[in-house]
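Data block below; observations after.
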Amino acid sequence: MTAQLIDGTAIAAQIRQETADVVAELKREHGIVPGLATVLVGENPASKAYVGSKQRACAELGMVSIGHKLPDTATQQEVEKVVADLNADPDVHGILVQLPLPKHLDEEKILGAVSLEKDVDGFHPVNIGRLSMKGREPLFVPCTPAGCIELLVRSGVEISGKEAVILGRSNIVGLPVSMLLLHRNATITICHSRTADLPGTCRGADILIAAVGRAEMVKADWVKPGAAVIDVGINQVWVEHPADQEYTCAVTGETFVAHRKDQSEKGGRRKVGDVCPSCNEAWLKGQRRPECGSDRETMALFRKYKLVGDVDFGDVNQVAGYLTPVPGGVGPMTIAMLMHNTYRGALHSLKNRIG
Ligand code: GUN
């Protein structure tokens, strides 16, 4: 017997459709189009990709997105000014400052500067504070943790009275998802790098949330038979390719393993360097091409990678009752919940207008 797969792509599509329907109604009845502003500071490629996906999702669901891009040299004042302007803009119902921010910026201060009523990420200290208290309601709940709960609920997994173990104590996932599970009457245990017996503690879980960012760390003998396992991890691991060979960078002298571009190869390739086909000299990405006297086209050198979660899928699939895949589990839910929160931001502004 293998686990029942929790299909995050399908559940996210359901939530996106539900959101598109209420967005259309809001437009029809009140002439309001929900607007999401994204603030991206710097050039982190993963952050750029995430922000792009969030903007595309807005367009698909009939919402407006406004993108603000700042260089990684932006000052604290410049970022805070962008946030203040967005707070004051009546067409903006949600503000998302993409994390991580460059090191020189004060993340806590910037997240605290986002208007409570536009905090669609749910990271404002007041929203987090309310989430962490009994009987209080945050205006917005952080998207990835909310997505984990939706996956469990829509798959029919009982939460109340169950033992939930959360691997990881991050502000973005571990801590808020713990609070959400507690509000739904689970008994929670939060594990971290100093937890004495990680496998033993995880084995006690009816619901296991893995959010540590360690590729395939959770093994079958960490999991109670029949448990629901939600894998929040997105880790890139390099995989060997038959055409891989070792190159030496003609500029730095470093060696690196890569293969030449092959058009038949699909997905998961990342450029790591270049090679001159006539003199066969190679150089790492970001280095200047050495002078070899040839003016022929250079060829790109690639490495192959795949995405894996924090859970060893093949292993845990034999033991768990429910399991999310990576990709296609929690990932698509984050954006779906962000769209839902942006709609709620627009609804909130309407309520304030009506009084
Ligand atoms: N970086 C990784 N996850 C998130 C998220 O949910 N929101 C923001 N703003 N940044 C992130």
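Here is a yes/no grid of residues against (1) at negative phi; (2) among the aromatic types (F, W, Y); (3) assigned to a helix (DSSP H, G or I):
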residue: D274; (1), (2), (3): yes, no, no
residue: P277; (1), (2), (3): yes, no, no
residue: R288; (1), (2), (3): yes, no, no
residue: G293; (1), (2), (3): no, no, no
residue: R296; (1), (2), (3): yes, no, no
residue: F302; (1), (2), (3): yes, yes, no
residue: K306; (1), (2), (3): yes, no, no
residue: D315; (1), (2), (3): yes, no, yes
residue: A320; (1), (2), (3): yes, no, no
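In this entry, L40 is excluded by the filter for residues that are assigned to a strand (DSSP E or B), within 16 Å of the ligand (Cβ to nearest atom) and either out of contact with any Lys or Arg (no Cβ under 6 Å at 6 or more places or on another chain) or over 20 Å from V92 (Cβ atoms) (or both).
In this structure, does G67 turn out to be away from the ligand (no atom under 16 Å from the Cβ) and either touching a helix residue (DSSP H, G or I) at 6+ places or on another chain (Cβ under 7 Å) or in a helix (DSSP H, G or I) (or both)? Break it down into steps so the answer makes sense when it comes.
Values: away from the ligand (no atom under 16 Å from the Cβ): no; either touching a helix residue (DSSP H, G or I) at 6+ places or on another chain (Cβ under 7 Å) or in a helix (DSSP H, G or I) (or both): yes.
When the stated conditions are applied, G67 does not pass them.
Out of the residues in region 80-104 that are more than 13 Å from the ligand (Cβ to nearest atom) and under 22 Å from the mean Cα position of the chain (by Cα), state the one that is farthest from S349 (Cα to Cα). The extreme case among them is K103.
Quick one: which of G226, G253 is surrounded by fewer than 19 Cβ atoms within 10 Å (Cβ to Cβ), under 30 Å from P145 (Cβ atoms) and at pLDDT 95 or above?
Details: G253 fails: under 30 Å from P145 (Cβ atoms).
Result: G226 is the single residue among G226, G253 that is surrounded by fewer than 19 Cβ atoms within 10 Å (Cβ to Cβ), under 30 Å from P145 (Cβ atoms) and at pLDDT 95 or above.
When L99 is tested against the conditions (1) in contact with a strand residue (DSSP E or B) (Cβ under 7 Å, 6 or more places away or on another chain); (2) among the aliphatic types (A, V, I, L, M); (3) not in a helix (DSSP H, G or I), the lone failure is (1).
Please state which one of E107, E117 is within 15 Å of the ligand (Cβ to nearest atom) and modelled with pLDDT of 95 or more.
Numbers: E117 fails: within 15 Å of the ligand (Cβ to nearest atom).
Only one candidate qualifies: E107.
Given the condition surrounded by fewer than 22 Cβ atoms within 10 Å (Cβ to Cβ), under 29 Å from E240 (Cβ atoms) and either within 16 Å of the ligand (Cβ to nearest atom) or polar (S, T, N, Q) (or both), answer yes or no: does some residue in region 308-323 qualify? Checked region 308-323: at least one residue is surrounded by fewer than 22 Cβ atoms within 10 Å (Cβ to Cβ), under 29 Å from E240 (Cβ atoms) and either within 16 Å of the ligand (Cβ to nearest atom) or polar (S, T, N, Q) (or both).
The values are calculated or read from the model by the stated rules, or taken from the named source; none is laboratory data. Every value quoted in this text rests on a predicted model; they were computed, and no experiment measured them. Here Cβ is always computed from backbone atoms with ideal geometry, including for glycine, and neighbour counts include all displayed protein chains.
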